[in-house]
Amino acid sequence: MPFSIDFLDDGRVLEWEATADGAVATERDDYTPRFYVTARDPASDLDLTTLQSVYDQHPDVVATELVSRRPGFRRDEETVLAVDVAHIDRVTPLARQARQLSAYPVGDLACFNVDVSREFRYCLENGVDPTPASELSTLRLSVPVTETSNDIHEELSVAVFVGLNLRGVTETGLFEDIAVYIKIVILLSLAALGVAFYDGSVTAVDFFSEGVVSPITGFAIIFVSYEGFQLLVCDYEYIDDVERTLPIGMYLAIAIAMLIYVSVSFMATLHLTPEQLVAHEEVALAEAVSNIPVLGGAGFLLVILSAMKSTSSGINTTLFGTAGLVHKIATEGALPLVFSFWNREGIPVYSVVLMGGLTATLAAFGTLKQITEFGSVAFLISFAVTKYTSLWLADETGSNRLIPTFGLVGTAAAIPIVLYHLYRTDIGILLRIVGIFVGAFVLKLTYIERHPFNTDAHGEG
């Protein structure tokens with residue numbers, strides 16, 4: 001017996017049957033799906049011959065006939081019009097045309113055998129049992145979501161935020177406030193609901209089942225997801241009462257981010273097994289939330305919207321913060337002077353455009369995995385250097401040595417772990433990362449060699 005039915009565009013049908021030699025398709029070219037039309041009220045006396053003559057002239061109708069059927073369990077047999085259609089896709093459009101005839105006021109006619117699935121209809125009309133005679137083997141193909149589209153959504157998104165940053169600080173800050181508040185409310189609400197509706201069907205994950213190094217490697221690989229707070233320092237010129245506001249804002253932001261990351265990750269492990277988390281890849285969190293009874297498909301959509309908010313927020317803040325840092329470096333003479341230019345609104349125009357162009361290039365030519373791992377390695381190195389510098393200048397700055405010490409130890413330990421993991425699992429990405437760093441380093445040395453560093457240079461325009 002057929003276990004699957006395919007409907008071709010030309011009206012032919014393929015019945016797939018399982019045999020000892022594999023799946024075999026049998027072609028049928030005589031299938032004509034049928035629907036029925038009759039009076040909605042069984043007490044009415046409607047003449048269906050006018051409707052029959054209209055359908056007989058339609059090119060998509062193969063045949064019509066008046067037959068005796070029971071339209072429902074509470075109705076006796078009565079005369080109905082049976083309409084045989086040339087293609088299964090034409091059933092619904094032809095049934096709708098019954099309401100467009102002036103001879104039959106709207107509401108007088110009712111159509112039956114219309115809203116059923118293709119395969120179910122075929123089995124009913126042909127007496128086919130779709131149960132396979134033997135157990136079937138299956139082939140599963142998995143393609144990352146990011147590889148299913150060749151569109152330029154990423155580049156367009158970057159272009160939008162470049163334009164937004166060029167408009168001014170007020171527009172950028174307003175968008176950022178709205179995006180962050182919505183994101184926090186959605187993620188914390190989903191985490192709370194996920195924990196509250198945990199039914200015990202998924203065993204709690206032992207994070208150290210593969211040893212202590214394994215989770216540390218995972219944290220290090222996605223380190224880029226946890227950074228961003230340092231960009232606040234680049235925006236000090238735009239912050240009111242910066243000496244007081246900046247420390248409070250930074251520490252509070254870190255605490256809230258830790259709460260969100262831990263709670264959302266914990267919730268995901270309550271609703272999906274480790275194998276499921278890996279299989280669903282980028283949409284794993286959305287799949288986990290969709291298992292919450294009170295949310296279902298709506299939860300999936302909420303996570304997607306939250307991810308979009310997170311991405312837009314990350315692009316927006318990184319563009320503005322990093323452009324400010326580029327402006328500062330160019331002002332001191334370590335980068336071309338053109339990137340030190342400010343417009344009348346105080347926006348580092350060329351720095352924003354430069355960072356936007358580099359971001360769009362990485363988005364166009366790199367995969368999500370490559371961008372994440374490159375960003376993590378880059379920020380781990382950057383943070384390690386920054387912590388070392390902070391310790392070196394602690395006496396001059398009067399800063400606490402404890403926090404940068406912890407940071408230096410953590411980042412210095414994570415860098416070789418990540419590099420070794422990439423060497424074992426994906427040497428290609430490791431070589432690309434090394435190539436990008438080498439290229440950037442050579443470019444930097446070449447420029448500094450031609451333009452010696454000058455801390456007294458001023459490039460504001």
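The values are calculated or read from the model by the stated rules, or taken from the named source; none is laboratory data. Keep in mind that what you see is a predicted model, and the values were worked out from it rather than measured. All Cβ positions, glycine included, derive from the backbone under ideal geometry; neighbour counts span all protein chains shown.
Observations, loosely collected:
- Given (1) crowded, with 17+ Cβ neighbours inside 10 Å; (2) touching a residue at least 60 places away in the same chain (Cβ under 8 Å); (3) touching a helix residue (DSSP H, G or I) at 6+ places or on another chain (Cβ under 6 Å), index of the condition residue 83 fails: (2)
- Scanning segment 386-402 for residues that are in a helix (DSSP H, G or I) and surrounded by 12 or more Cβ atoms within 10 Å (Cβ to Cβ) yields 386, 387, 388, 389, 390, 391, 394.
- Per the conditions (1) among the aromatic types (Phe, Trp, Tyr); (2) within 20 Å of residue 221 (Cβ to Cβ); (3) exposed (fewer than 14 other Cβ atoms within 10 Å of the Cβ), the sole criterion not satisfied by residue 437 is (3).
- Of the criteria (1) surrounded by fewer than 18 Cβ atoms within 10 Å (Cβ to Cβ); (2) modelled with pLDDT under 85, which one residue 77 fails: (2)
- Within this structure, residue 47 fails the test of being in contact (Cβ under 8 Å) with a residue 60 or more places away in the chain, part of a loop (DSSP other than H, G, I, E, B) and more than 21 Å from residue 123 (Cβ to Cβ).
- Filtered by the rule that a residue be at pLDDT 80 or above and part of a loop (DSSP other than H, G, I, E, B), segment 261-300 gives no residues.
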